[in-house]
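Visitor: Pasting a structure here, questions to come.
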Amino acid sequence: MKKEYEKFKEFFPDSNEVICKYMDFPELLGFLEYKSLHFTRADKFEDEFEGRVPKSFEKYCCDFYKYKRKIYVNSWSIFQNESYAMWHIYSKKYGVAIKTTVEKLNKALFNSGAKLYKVKYVDYNKCDLKIDVPSFNIGKESLKNFFLLKPKFYEYEREIRAIVIDDKELPFIDVAVNIESFLDEVIISPFADNWFTGLVKDLIYNRYNMDFLKIFCSDVEIVRI
């Protein structure tokens, strides 16, 4: 494990890294109600670039693609500042961002076997990429994990990925988490109306009795016409 870390340390996030997850209201409600994180099966992504193998690694395509039904992903972002783009794409008008740290997320997902990785953004059209990626094991197969690479135009996402391998090929996986020991705060979308802010606070504090959570409105300034 130590040798793997030294070789691929650019793919392993720092345990103190603050991370967030942008989500719309239905996802927030499911998270609060079921106290679980939703992992999407790798072949179910809407984005055609997800898991695409760069030209430099085309010889691995067949082996990698046939195992996508056994790979499950839950995505987060490194939190340096709020991202207008991430708000707009992933939560729109009625959504939130939930914040924690890599260390807390690792602990929350410990029993699931999930591993956390930092995504690297590369030029997919280069035929001589000077990079290697960690491998993962599915049964007796050891495969390069191309879900750790994305095209450079996604750099604004600053993505951290939690990845689970499961042979059952379920449509998705929900991993139960202890929200109290795992979550630090909730930020409400800058696009939201005032009534939505009140609704989120009422749900979290009154319906779910999570008075340990801090709730803030976004710092992003939106000009309303």
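Derivation of every value follows stated rules applied to the coordinates shown; laboratory data play no part. Given the structure is predicted, the values throughout are model-derived calculations rather than measurements. Cβ coordinates were reconstructed from backbone atoms using ideal geometry, including for glycine residues, and neighbour counts include every protein chain displayed.
Visitor: Any idea which of 221, 180 is surrounded by fewer than 13 Cβ atoms within 10 Å (Cβ to Cβ), touching a residue at least 12 places away in the same chain (Cβ under 8 Å) and touching a Pro at 6+ places or on another chain (Cβ under 9 Å)?
Guide: Checking each option against the conditions leaves just 221.
Visitor: Quick check: anything in the stretch 168-176 closer than 16 Å to residue 29 by Cα, in contact with a helix residue (DSSP H, G or I) (Cβ under 7 Å, 6 or more places away or on another chain) and of a type outside the set (S, T, N, Q)?
Guide: Yes.
Visitor: Residue 137 - would you say it is within 25 Å of residue 71 (Cβ to Cβ) and in a strand (DSSP E or B)?
Guide: Yes; evaluated as a whole, the condition is true for this residue.
Visitor: Follow-up. Within the stretch 16-26, can you find the residues that are surrounded by fewer than 21 Cβ atoms within 10 Å (Cβ to Cβ), touching a strand residue (DSSP E or B) at 6+ places or on another chain (Cβ under 7 Å) and not β-branched (Val, Ile, Thr)?
Guide: Across the stretch 16-26, the qualifying residues are 16, 17, 23, 24, 25.
Visitor: For the stretch 181-219, what are the residues that are of a type in the set (Ser, Thr, Tyr) and assigned to a helix (DSSP H, G or I)?
Guide: Selection gives 181, 197, 205.
Visitor: Now for a separate question. For the stretch 91-107, give me each residue that is within 23 Å of residue 163 (Cα to Cα), buried (at least 17 other Cβ atoms within 10 Å of the Cβ) and in contact with a helix residue (DSSP H, G or I) (Cβ under 9 Å, 6 or more places away or on another chain).
Guide: 91, 96, 97, 98, 100, 104, 105
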